[in-house]
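J.: My questions will all concern the structure given below.
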Amino acid sequence: MKLKLKFFVLLVLCLFAGQKFLCAQSVYGDAVKANVKMKYVYSLDEAFKLAKKENKLIFCNCFEDWALPCHGMNKKVFSNQEFADWMDEHFINFFIDLSTPEGQEFRTKYNIKFMAHYVILDAEGNLIHRIVGGSELLKFQEQVACALSPETSLVGMNRMYPEHVNDKEFLRKYAMVLKVANEEEKYKQVAEDYFRMLKPDEWSEEQNWPFFSEHVREKDTVAFDYLIAHKDDFVATVGIKNVDNAIAGVFMMPLYFAAMGEGELSKEDVLQIREKLEEGKVDEENEIYVLCNIAYLRLKGDFSEMMDLVAAKVPQLDVRVNYGIDLSLPKLINEGKDVREKILNYMNARIETLEENVAMEYKSLLLEAGLEGGIVFEDLTLKEALDKAKNEQKYVFLDCYTSWCGPCKIMSKQVFVQKEVGDLFNPSCVNIKIDMEKGEGPEIAKKYGIQAYPTMLILYPDGQIKYRMQGGTEAGHFIQIARYALDPAVSYTQMKLYRSLSSCPLEKQADYLMILSDAGELKNLRADIVDYLKRVEGKKELYPDVWRLCGHFADSYEHPVFQFVLKNWKDFSGIDQKSLENKAERLIFPLYINYLAGKMSAADFSKLQKTLKKVSFPSDYSLVYLDRIVTYYQQKKWNVLMKCYTKEIKALSDAKLRLNLDILLRYFVKDAPKEVKGQMITYVQQCMEVADSRAINGYKSLMEALQNVEKD
C-alpha cells in the first residue's frame with residue numbers, strides 16, 4: 001500500500017501538476033464525450049506526401065487509449081473548431097494509435113515515453129518539435145506555434161544554443177521549449193544558467209516565475225525566504241493564488257505523507273510548518289492547512305478527532321489529494337471501535353459519490369481491511385496472538401508473506417478479503433500477518449521451516465501446527481481447504497507422526513494425502529494418490545474418503561481420482577449425487593467445447609466419448625444431453641438435432657443448463673444448411689423472449705453470432 005500511494009502521489013502531483021483532465025471514454029467509459037474537430041490523416045506515408053505537396057510540417061497526435069491526458073486534450077483542445085481550422089491551415093495533421101504495430105515502430109523511432117505526446121516532423125520525417133503533456137487551449141497553441149520557425153522550434157534552438165549561451169532572453173525561451181519537450185537534463189542546465197543571470201529584483205517578474213518557483217520547490221532557503229519577504233511584489237505579477245500555492249508546495253509532499261501515516265515528520269515538525277505558513281500569510285482556506293491538521297492529529301494518535309476532520313474536509317479537497325488520504329484510512333481499523341465505525345461510515349459515504357470503477361477500489365479496501373467481511377488481521381506479535389488465542393479458546397491463523405511475493409499479494413487482495421473467508425476465520429482464529437524478512441519474521445521462518453511463500457499456518461495456542469498451507473490459490477479452493485483445516489479432528493502435527501503414506505493406516509491415508517500435500521511436503525503426490533486408489537479399490541466403506549480426495553485434488557478430467565470416481569459412478573452417486581454431477585459437468589463440459597472449437601483432435605474426442613458411454617449416467621443428466629446433441633451434429637442429423645432442441649432442451653427446468661446447451665449452436669451453425677440456420681435463429685429468438693435477466697445477455701451474444709454466420 002505504501003509503494004502504491006507514493007507512486008500515485010508522485011504521478012499526480014509532479015507529472016500532471018496543473019492539469020485537470022477529468023474526462024473519460026473508451027476504457028474509461030462514456031462518462032465524458034469529446035467531439036473532435038481535427039481533420040486527421042491516418043497514414044504516415046499519406047502525411048509525408050501531403051506535407052511535400054503543400055509545403056507544411058506534420059503535426060503528429062500520438063494517442064493511447066489508456067492515457068487520460070489524451071482524452072483530456074480531445075475534450076479541451078481538439079474539439080475547438082477555431083483551433084482545428086488553425087491547425088489545418090498550418091499543418092498536415094496525422095493521428096497514430098501507439099498500441100498498433102505501426103504505432104510501436106513510431107514510438108521507438110521518435111522516443112515517445114510519456115503521454116500525452118505530440119511530435120512535429122518535416123516532410124522527410126525529421127523531428128522538428130516535441131510537446132509532452134497536455135495544457136489549456138491557448139497555451140497549447142503557443143507551444144505548437146513554436147514549431148513554425150527555426151528560431152523557436154526545438155531543433156532550431158538546439159542548433160542556435162552554442163552561439164547564444166550568454167543571451168539571457170534566448171536562454172529563457174529555450175528553457176521553456178526544453179521543458180515542454182521533457183528534455184529534463186538539458187532544461188535544468190539551461191534554466192539554471194538563465195536563473196544565475198537574474199538579479200533578485202528580477203525574480204518577481206512574471207516571465208521569471210516558472211524558474212523562481214522551481215527554486216522554491218527545491219527548498220532553496222534563499223529563494224523561499226525572499227518570497228516570504230517580498231510576497232507583495234510576486235502577488236502583483238502572478239497573483240495571490242500562485243504565490244500561496246508556491247509557499248504551500250514546499251511542504252505539500254511531507255505533509256501529505258504524514259496525513260497518510262507515512263514519512264518522517266514529527267508532531268513538532270508539523271507545528272513548525274504551520275508557523276512558516278502563517279509567517280508567509282498563506283490564506284487559511286488553502287488546503288495545506290487541512291493536511292497540516294490531519295497530519296498533526298494522526299501523529300498525535302487522536303484518530304477519532306482526525307476522522308471528524310477527514311469527514312468534514314477531505315471530500316472537498318482535490319481528487320488527487322483526497323484519494324491518497326482515503327486509501328490510508330483502513331490501516332487505522334484497529335484503533336478502537338469508535339474509530340473503526342467512523343472510518344466505515346466515512347468510506348461508505350464516499351463510495352456513494354464516486355464513479356463505479358473508483359467505488360469498487362474503495363470497496364476492495366474495506367474488504368481487505370476486514371471492515372465489510374474478509375479476514376480481520378490484528379497488529380500483534382506471534383506471542384501476543386498465541387496468548388490471545390489461548391484466552392479466547394481460538395487458533396492462530398498466521399499468514400507468512402514477503403514484500404516481493406506476488407502470490408502473497410494476490411491472496412491478500414483477492415482471497416482474504418472475501419466475506420465467506422472472513423466468516424470462516426474470524427470466529428475461529430486470531431489472525432495475524434508477518435513479513436518473514438522483517439522483525440520477528442526470520443526467527444518464525446526458521447522455527448517453522450518456512451522456505452516458500454505464501455505459507456499459511458493454523459496454530460494451536462501452544463504454537464504447534466494444526467494445519468499448514470503452502471502456495472496461493474483461488475478463493476473457492478481456499479475456502480474448501482479452510483473448512484477442512486479448521487475441523488478439530490484435522491491436525492498436521494499428528495499426521496506428521498506417520499513417516500510415510502504406507503505407514504499410515506488406510507482409513508487415515510486420505511487425510512494424510514490432503515494435509516501433507518497442502519503443506520507442500522509430498523514430492524510424488526500423484527504417484528501416492530495412485531497407490532492409495534489401488535489399496536482402496538473395492539472397499540466401498542472408504543469411498544467417502546475418496547470423494548473428499550476428489551474435491552481436494554481433481555481439477556481435470558484426466559486426474560486419477562476423478563477417473564476412479566467415473567469408473568465407480570454408481571457407488572459414488574449415493575454419497576453426494578448433486579455434487580458429483582456438478583463436478584463431472586465442470587470437468588467434462590469444457591472438453592466438448594474444446595472439440596467443437598477445434599482444440600481437441602477427433603481421435604481424442606472419440607476416446608472421451610467411449611469412456612463416458614461406459615458410465616451409468618441417468619438419462620436426464622446434462623452430460624447425456626450434451627453427448628446426444630454433439631453426436632447428432634457429428635452425424636449431420638440436422639432435423640433430429642433441432643427436434644431435440646425444440647422439444648426437449650427448451651422444456652428443461654434448469655435455465656442455466658438450457659443456456660449452456662443452447663450456446664453450442666454457435667459451433668453447430670457454421671456447418672448447418674441454410675434452412676437449418678434459419679431454424680436456429682428462430683429458436684434462439686423464442687428463447688430470448690422468455691429468458692430471465694441473468695441469461696438475456698448470453699442469448700443476445702448467441703443471436704449475434706448466429707446472425708453473423710447467416711450473413712456470411
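Bear in mind that the values in this text are calculations on the coordinates, not laboratory data. The structure presented is a predicted model; accordingly, all values stated were derived computationally and were not measured. Every residue, glycine among them, receives a Cβ derived from its backbone with ideal geometry; neighbour counts consider all protein chains shown.
J.: Of the cross-linked pairs Lys583/Lys607; Lys567/Lys637; Lys599/Lys656; Lys188/Lys267; Lys578/Lys674; Lys570/Lys670, which ones have a Cα-Cα span greater than 28 Å in the structure shown?
T.: Lys567/Lys637; Lys188/Lys267; Lys578/Lys674; Lys570/Lys670
J.: Under a point spin-label approximation (7 Å from Cα along Cα-to-Cβ), what is the Asn55-Asn582 distance to one decimal in nm?
T.: Here the modelled spin labels are 7.8 nm apart.
J.: Give the residue from Gly336, Cys644, Ala236 lying farthest towards the positive end of the charge dipole for the chain; charges sit on Cβ (+1 for Lys and Arg, -1 for Asp and Glu) and the dipole is referred to the Cα centre.
T.: Cys644
J.: If you plug each phi of region 561-574 into the Karplus form 6.51 cos²θ - 1.76 cosθ + 1.60 with θ = phi - 60°, what whole-Hz ³J(HN,Hα) values come out, in order, with x for Gly and Pro?
T.: Values per residue, Gly and Pro as x: 5, 5, 4, 4, 5, 4, 4, 10, 3, 4, 5, 8, 5, x Hz.
J.: While we're on this one: Between Ile593 and Lys523, what is the spin-label point distance in nm, taking each point 7 Å from the Cα along the Cα→C-beta axis?
T.: About 3.8 nm separates the two model spin labels.
J.: What size of dipole, in debye to the nearest 20, comes out for region 382-495 about its Cα centre when the only charges are +1 on Lys and Arg C-beta atoms and -1 on Asp and Glu C-beta atoms?
T.: Around 60 debye, computed over region 382-495.
J.: Then there's this: For a label point 7 Å from the Cα of Gln707 along Cα→C-beta, name the residues of region 662-685 whose backbone N is under 18 Å from it.
T.: Correct set: 663, 665-667, 669-670, 677-685.
J.: Can you compute 3J(HN,Hα) from phi for each residue in region 75-82, using the Karplus curve 6.51 cos²θ - 1.76 cosθ + 1.60 with θ = phi - 60°, rounded to whole Hz and x for Gly and Pro?
T.: Values per residue, Gly and Pro as x: 6, 8, 10, 6, 8, 8, 5, 4 Hz.
J.: Let me know the volume per residue of the alpha-carbon convex hull for region 382-495, in Å³.
T.: Working: hull volume 10.9 nm³, N = 114.
For region 382-495, the hull spanned by Cα atoms encloses 96 Å³ per residue.
J.: Please list, ordered by chain and number, the residues whose modelled amide H lies under 5 Å from the amide H of Val615; skip anything fewer than 5 residues away on the same chain.
T.: Residues meeting the criterion, in which the H sits 1.01 Å from N, do not exist here.
J.: So for region 586-631, taking the charge dipole from beta-carbon charges (+1 Lys/Arg, -1 Asp/Glu), which of Ile629, Phe589, Ser616 sits furthest toward the positive end?
T.: Ranked along the dipole, the leading option is Ser616.
J.: Would you work out the charge dipole size for the chain about its Cα centre, treating the Cβ of every Lys and Arg as +1 and the Cβ of every Asp and Glu as -1, and quote it to the nearest 20 debye?
T.: 3860
J.: Can I ask one more? To the nearest 10 degrees, how steep is helix 288-300 against the longest Cα principal axis of the chain, on a 0 to 90 scale?
T.: Tilt of helix 288-300: around 50 degrees.
J.: How about Lys49: which lysines have a C-alpha closer than 20 Å to its C-alpha, ignoring those fewer than 8 places off in the same chain?
T.: Straight-distance partners of Lys49: Lys39, Lys109.
J.: Using DSSP to call loops (not H, G, I, E or B), can you name the trypsin sites (Lys or Arg not before Pro) in region 174-261 whose Cβ has at most 11 other Cβ atoms within 10 angstrom?
T.: Details: sites: Lys179, Lys186, Lys188, Arg196, Arg217, Lys219, Lys231, Lys241; in loops: Lys219.
Answer in residue order: Lys219.
J.: Additional query: Given the options Leu664, Leu386, Asn426, identify the residue whose Cα lies farthest towards the positive end of the charge dipole of the chain (+1 on Cβ of Lys, Arg; -1 on Cβ of Asp, Glu).
T.: Among Leu664, Leu386, Asn426, the one farthest towards the positive end of the dipole of the chain is Leu664.
J.: Students often get this wrong, so try it: which of (i) 13, 31, 34, 19, 3; (ii) 17, 52, 28, 3, 0; (iii) 17, 48, 31, 4, 0 is P(r) over Cα pairs in 20 Å bins from 0, in percent as calculated from the structure shown?
T.: Given (i) 13, 31, 34, 19, 3; (ii) 17, 52, 28, 3, 0; (iii) 17, 48, 31, 4, 0, the calculated one carries the label (i).
J.: Sticking with this structure for a sec: With θ set to phi - 60°, apply the Karplus curve 6.51 cos²θ - 1.76 cosθ + 1.60 along region 589-605 and write out the HN-Hα couplings as whole Hz, x wherever there is a Gly or Pro.
T.: For region 589-605, the Karplus-derived couplings read 3, x, 5, 5, 4, 4, 5, 5, 8, x, 9, 9, 5, 4, 5, 5, 5 Hz, x marking Gly and Pro.
J.: To test your reading of the geometry: what angle, between 0 and 90 degrees and rounded to tens, separates the Cα axis of helix 168-180 from the longest principal axis of the chain?
T.: With rounding to tens, the tilt is 10 degrees.
J.: Please state the charge dipole magnitude for region 240-368, taken about the Cα centre, from unit charges on C-beta atoms (+1 on K and R, -1 on D and E), reported in debye and rounded to the nearest 20.
T.: 200
J.: For labels at Thr402 and Ser149 in the simple 7 Å Cα→Cβ model, what's the distance in nm?
T.: Label-label distance for Thr402 and Ser149, simple model: 6.0 nm.
J.: Antiparallel versus total DSSP beta bridges in the chain: what percent is that, nearest 5?
T.: Within the chain, antiparallel bridges account for around 55 percent of the total.
J.: Sorted from fewest to most neighbouring beta carbons within 10 Å, what does the list Leu580, Leu198, Leu661 look like? Mind showing how you got there, number by number?
T.: Details: Leu580 18, Leu198 15, Leu661 22.
Least to most surrounded, the residues fall as Leu198, Leu580, Leu661.
J.: Same structure, new question: Taking a cut-off of 14 Å between Cα atoms, list the aspartates and glutamates near Lys613, but don't count ones fewer than 8 places away on the same chain.
T.: Asp627
J.: Could you work out the pair-distance distribution P(r) of region 240-368 from its alpha-carbon pairs, with 10 angstrom bin width and percents rounded to whole numbers?
T.: Once binned at 10 Å, the Cα pair distances of region 240-368 give 12, 44, 32, 12, 1.
J.: Per DSSP helix of 4 or more residues, -39500 (n - 2.57); summed, then divided by the residues of the chain. What does that give at 222 nm, rounded to the nearest 500?
T.: Per the formula, -17000 deg cm²/dmol.
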